[in-house]
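The values are calculated or read from the model by the stated rules, or taken from the named source; none is laboratory data. As the structure is a prediction and not an experimental result, all values here were calculated from the model. Quick reminder, even Gly has a Cβ in these numbers, built from the backbone with ideal geometry, and neighbours come from all protein chains shown.
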Amino acid sequence: MYALNKTLLWLSSAISLTLAAEAWALSVNGSAALTSDYVWRGTSQTRGDPAVQGSLKLSTDSGWYASVWGSNVEFDGADANTEWDITAGWSGALNPDWSLDLNSIYYRYPSTSPHLNWIEFGGTVTWKQNYWLSAWWSDDVMASDENGAYLQLGGRTYFNSLWRFEGLLGYYWLDHSYANSYGHAQLSLIRSITPNLEWRTSFHTTDSTAKSLFPDQGGERLEVALQFSF
């Protein structure tokens with residue numbers, strides 16, 4: 001409990017400092033999405049059911065930002081029905097080719113008992129805006145009180161101004177919390193309908209370990225989503 005309270009205090013302080021540091025230079029953007037399945041790191045968070053999602057982000061000219069993202073969820077054996085991801089961090093260009101994003105994410109599931117809330121730290125290095133490597137770590141992964149780490153390698157290519165393809169590989173080290181680890185892959189075809197609206201079709205697959213760790217959540221699945229950004 002002390003660790004959680006300390007984490008919440010740090011997170012609220014980080015968000016407050018982010019917003020107060022350069023209030024005169026804040027910009028606001030966000031998104032709203034409807035998806036056939038909420039898939040996170042290869043596994044369904046809605047057990048194959050649709051999800052409605054939305055986000056709001058405040059950022060400064062110097063790169064500091066705070067954001068909140070929400071979705072409905074459905075877990076086996078838990079009463080969680082909503083997820084809120086609260087993020088604070090910094091992102092910016094290191095040079096014309098390389099950029100960096102460092103942040104912490106607080107995963108909150110209101111009204112759950114026992115509480116499923118947890119926090120992780122990590123970041124993403126991006127090359128030429130189209131290729132990325134992300135790494136994450138938590139000492140309370142998925143509210144297990146144990147360490148866990150995640151690594152993702154991805155890239156995208158544009159066919160033209162309307163169509164692009166994205167692919168990624170990920171691996172989740174959960175040996176301490178779930179006595180095993182798993183890998184997954186994702187392939188996505190994205191169509192820009194307008195500058196602010198896009199259609200995404202994604203194929204997800206996990207290894208057999210994910211299927212045994214998270215029954216009805218791992219395996220192969222197709223996801224379609226419509227997203228509006230502002």
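Just give me the residues in the range 95-116 being under 16 Å from Asp85 (Cα atoms) and not basic (Lys, Arg), in sequence order.
Within the range 95-116, Leu102, Asn103, Ser104, Ile105, Tyr106, Tyr107, Tyr109, Pro110, Ser111, Thr112, His115, Leu116 meet the criteria.
What's the number of the only condition in (1) closer than 24 Å to Tyr107 by Cβ; (2) exposed (fewer than 14 other Cβ atoms within 10 Å of the Cβ) that Ser188 fails to meet?
(2)
Quick check on Tyr65: is it out of contact with any Asp or Glu (no Cβ under 7 Å at 6 or more places or on another chain) and either within 16 Å of His204 (Cβ to Cβ) or aliphatic (A, V, I, L, M) (or both)?
When the stated conditions are applied, Tyr65 does not pass them.
Is it the case that the range 134-144 has a residue that's acidic (Asp, Glu), surrounded by 13 or more Cβ atoms within 10 Å (Cβ to Cβ) and within 21 Å of His115 (Cα to Cα)?
Looking for residues that are acidic (Asp, Glu), surrounded by 13 or more Cβ atoms within 10 Å (Cβ to Cβ) and within 21 Å of His115 (Cα to Cα), one finds at least one in the range 134-144, hence yes.
In the range 31-68, how many residues are closer than 25 Å to Gly183 by Cα, hydrophobic (A, V, I, L, M, F, W, C) and buried (at least 19 other Cβ atoms within 10 Å of the Cβ)?
Qualifying residue count, the range 31-68: 2.
Counting just the residues of the range 95-108 that are over 16 Å from the mean Cα position of the chain (by Cα) and among the polar types (S, T, N, Q), which one comes out farthest from Gln53 (Cα to Cα)?
Asn95
Kindly list the number of the only condition in (1) surrounded by fewer than 14 Cβ atoms within 10 Å (Cβ to Cβ); (2) touching an Asp or Glu at 6+ places or on another chain (Cβ under 8 Å); (3) within 18 Å of Thr43 (Cα to Cα) that fails for Asp175.
Condition (2) is where Asp175 drops out.
Mind checking whether some residue in the range 103-111 is farther than 23 Å from Glu166 by Cα, modelled with pLDDT under 95 and surrounded by fewer than 16 Cβ atoms within 10 Å (Cβ to Cβ)?
Looking through the range 103-111, at least one residue is farther than 23 Å from Glu166 by Cα, modelled with pLDDT under 95 and surrounded by fewer than 16 Cβ atoms within 10 Å (Cβ to Cβ).
Within the range 99-155, can you find the residues that are among the hydrophobic types (A, V, I, L, M, F, W, C) and in contact (Cβ under 8 Å) with a residue 60 or more places away in the chain?
Ile119
Between Gly155, Gly122, which is surrounded by fewer than 18 Cβ atoms within 10 Å (Cβ to Cβ) and under 30 Å from Asn196 (Cβ atoms)?
Gly155
Output the number of residues of the range 158-183 satisfying the condition of being free of Cβ contacts under 8 Å to residues at least 12 places away in the same chain and over 28 Å from Thr194 (Cα atoms).
Looking only at that region, the number is 2.
Does any residue of the range 46-68 turn out to be touching a Gly at 6+ places or on another chain (Cβ under 7 Å), under 26 Å from Leu213 (Cα atoms), of a type outside the set (A, V, I, L, M, F, W, C) and touching a residue at least 24 places away in the same chain (Cβ under 8 Å)?
No, the conditions are met nowhere in the range 46-68.
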